[in-house]
Amino acid sequence: MGCSKNLVDSERLMRQLHVAGIEVMHDARLDEAPTVIVNTCGFIHQAREESVNMILQCVNAKNRGVIENLFVMGCLSEVYQKELEKEIPEVNRYFGVRSMEEIIRLLADDRLPDARNERTVTTPRHYAYLKIAEGCDRTCAFCSIPHIRGAHLSVPPEDLMEEARFLAANGTKELLVISQDITSYGTDLYRRQMLPELLKRLCTVDGVEWVRLHYAYPLHFPMELVEMMQNERKICRYIDLPIQHIADRVLKNMRRNITGAEIARLIDDIRNKMPDIALRTTLITGHPGETDRDFEQLARFVEQTRFDRLGVFTYSHEENTYAAKHYRDGVPEKVKRERAARIMEIQKNISEELNLLKKGKIWKTIIDRAEGDYWVGRTEYDSPDVDMEVLVPLKDRPLQIGRFYPVRITDATEYDLYGQITDDF
Ligand code: SF4
């Protein structure tokens with residue numbers, strides 16, 4: 001359950017159990033294994049509900065004798081272990097987010113295989129997430145992550161290099177660099193930002209062709225990162241830079257410690273240095289205190305800035321957050337949703353305009369899968385599951401999943417590109 005960071009935890013656990021001689025499956029049917037582990041999400045209400053429903057499904061299977069053992073780990077049980085133990089006692093044992101070793105020792109008869117920098121990749125094997133840190137030191141009012149995952153902890157670069165080499169040796173060509181805030185990488189270990197240096201090293205790993213950046217925090221954004229991207233062609237010209245809002249009053253309420261003008265300047269600086277970069281961002285509508293005027297400012301900013309990729313969420317009043325302790329959830333749900341829909345309408349038009357400009361261009365495209373009448377792929381400007389896809393007719397020619405091909409874009413809609421394999425590249 002949950003995000004890519006949770007998925008990496010599952011993949012690390014699966015690998016270590018495998019090395020300890022235990023057969024492990026991912027998201028399999030409940031009747032396929034006597035022991036089930038649910039890795040839960042606790043970020044927002046809806047996600048918690050989904051995790052509890054999954055636990056209850058497993059309890060039902062246990063009560064029917066379909067499974068023997070049920071264990072729960074991850075963000076939900078990190079925060080609500082006591083409540084869960086009382087309300088759902090059928091679970092053999094609950095674990096938090098820092099219990100990997102405990103789980104392995106319990107399931108592997110106290111053995112602890114030395115495979116901590118290895119993974120059982122559950123994504124298509126040509127791409128994999130690389131989680132470079134855990135936790136977060138930021139203070140965003142709406143966010144419970146620091147409460148759940150604790151302070152920012154960078155993974156030592158040697159461990160990440162070993163993990164990247166392991167992934168590449170097993171077919172990974174695209175590394176998606178993730179954490180809660182990648183720009184803080186190294187600040188705990190070396191008292192300075194180390195992301196550019198880490199990326200430079202990751203680009204030396206044989207087999208890795210693309211390195212993609214997710215979750216960059218706008219404050220103290222290391223501009224040398226963009227300079228390094230210009231020299232390191234393996235680093236996708238793509239940055240995911242969640243700004244959440246642009247109105248100063250809302251940014252202040254959100255405790256983002258940055259102003260709208262500083263965000264706008266950062267985006268200009270990045271684009272001046274690298275005009276063809278694809279910028280993805282995430283926004284929140286309906287944060288406590290957001291007025292019509294603040295929202296209109298955000299809508300105008302989205303129209304003017306023309307982000308390449310954009311996601312928007314409605315504010316969720318979450319326990320264990322600064323906002324829940326200090327603010328009233330004053331914006332009606334209906335208004336939150338209307339504002340989010342308006343932003344997505346603006347973005348849909350922008351996305352279509354930007355996509356139509358791509359007709360005739362040729363891009364290095366990785367094929368992720370075959371679906372219906374198409375091979376489905378992505379360019380360096382698109383991340384899996386959240387961004388656009390390139391659709392190449394299946395009948396054109398047989399392609400290999402996980403391989404790169406030059407694709408000429410022949411048509412576009414607001415969210416997809418259509419293309420043909422070309423030899424003139
Ligand atoms: S940067 Fe802010 S929103 Fe992101 S995980 Fe940290 S506290 Fe949460």
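The values are calculated or read from the model by the stated rules, or taken from the named source; none is laboratory data. None of these values were measured; they are calculated from a predicted model. Because the Cβ atoms are built from the backbone with ideal geometry, glycine has one as well, and the counts that use them run over all protein chains shown. Please note that ligands, DNA and RNA were not included when accessible areas were found on the heavy atoms of the full protein model with its side chains. Shrake-Rupley method; radii C 1.70, N 1.55, O 1.52, S 1.80 Å.
Sort through R237, R280 and tell me the only one that's open to solvent by 20 Å² or more (accessible area, probe 1.4 Å) and out of contact with any Leu (no Cβ under 8 Å at 6 or more places or on another chain). Steps first, please.
Details: R280 fails: out of contact with any Leu (no Cβ under 8 Å at 6 or more places or on another chain).
Checking each option against the conditions leaves just R237.
Give the residue, chosen from L225, L219, that is in contact with a helix residue (DSSP H, G or I) (Cβ under 8 Å, 6 or more places away or on another chain) and either open to solvent by less than 20 Å² (accessible area, probe 1.4 Å) or of a type in the set (G, A, S) (or both). Walk me through it before giving the result.
Numbers: L219 fails: either open to solvent by less than 20 Å² (accessible area, probe 1.4 Å) or of a type in the set (G, A, S) (or both).
Only one candidate qualifies: L225.
Give the number of residues within the stretch 252-272 that are open to solvent by 80 Å² or more (accessible area, probe 1.4 Å) and not in a loop (DSSP other than H, G, I, E, B).
Within the stretch 252-272, residues that are open to solvent by 80 Å² or more (accessible area, probe 1.4 Å) and not in a loop (DSSP other than H, G, I, E, B) number 4.
Being in contact with a Pro (Cβ under 8 Å, 6 or more places away or on another chain) and not polar (S, T, N, Q) is the filter here; which residues of the stretch 82-123 pass it? Walk me through it before giving the result.
Within the stretch 82-123, the subset in contact with a Pro (Cβ under 8 Å, 6 or more places away or on another chain) is 104, 123.
Of everything in the stretch 82-123, just one residue is in contact with a Pro (Cβ under 8 Å, 6 or more places away or on another chain) and not polar (S, T, N, Q), namely I104.
Scan the stretch 167-175 and give yes if some residue there is over 29 Å from Q193 (Cα atoms), modelled with pLDDT of 95 or more, open to solvent by less than 60 Å² (accessible area, probe 1.4 Å) and assigned by TED's automatic domain parsing to the domain that holds M14, otherwise no.
No: zero hits.
Determine whether the stretch 126-133 contains at least one residue that is open to solvent by 20 Å² or more (accessible area, probe 1.4 Å), of a type in the set (S, T, Y) and within 11 Å of the ligand (Cβ to nearest atom).
Among the residues of the stretch 126-133, not one is open to solvent by 20 Å² or more (accessible area, probe 1.4 Å), of a type in the set (S, T, Y) and within 11 Å of the ligand (Cβ to nearest atom), which makes the answer no.
Among the candidates N320, N231, which residue alone is at pLDDT below 95, in the same structural domain as C136 (by TED's automatic domain parsing) and on the phi > 0 side of the Ramachandran plot?
Answer to the selection: N320.
Can we say D9 is of a type outside the set (A, V, I, L, M, F, W, C) and modelled with pLDDT under 95?
Here the answer is no, as D9 does not meet what is asked.
Output the number of residues of the stretch 1-13 satisfying the condition of being open to solvent by less than 20 Å² (accessible area, probe 1.4 Å), out of contact with any strand residue (DSSP E or B) (no Cβ under 7 Å at 6 or more places or on another chain) and either free of Cβ contacts under 8 Å to residues at least 60 places away in the same chain or closer than 23 Å to R212 by Cβ (or both).
1
Where in the stretch 166-234 are there helices (runs of 4 or more DSSP H), lying wholly inside it, with at least 3 residues that are over 23 Å from A278 (Cβ atoms)? Working first, answer last.
Values: elements: 187-190, 195-202, 224-231.
Filter on the stretch 166-234 gives 187-190.
Quick one: A20 ticks every box in (1) open to solvent by 30 Å² or more (accessible area, probe 1.4 Å); (2) in contact (Cβ under 8 Å) with a residue 40 or more places away in the chain except a single one, so which number is it?
Checking A20 against (1) open to solvent by 30 Å² or more (accessible area, probe 1.4 Å); (2) in contact (Cβ under 8 Å) with a residue 40 or more places away in the chain, the one that fails is (1).
Can you pull out every residue in the stretch 134-158 that is surrounded by fewer than 16 Cβ atoms within 10 Å (Cβ to Cβ), away from the ligand (no atom under 16 Å from the Cβ) and part of a loop (DSSP other than H, G, I, E, B)?
Within the stretch 134-158, P156 is the sole residue that qualifies.
Against the definition (more than 14 Å from I284 (Cβ to Cβ), among the hydroxyl-bearing types (S, T, Y) and touching a residue at least 12 places away in the same chain (Cβ under 8 Å)), how does Y381 come out, yes or no?
Yes.
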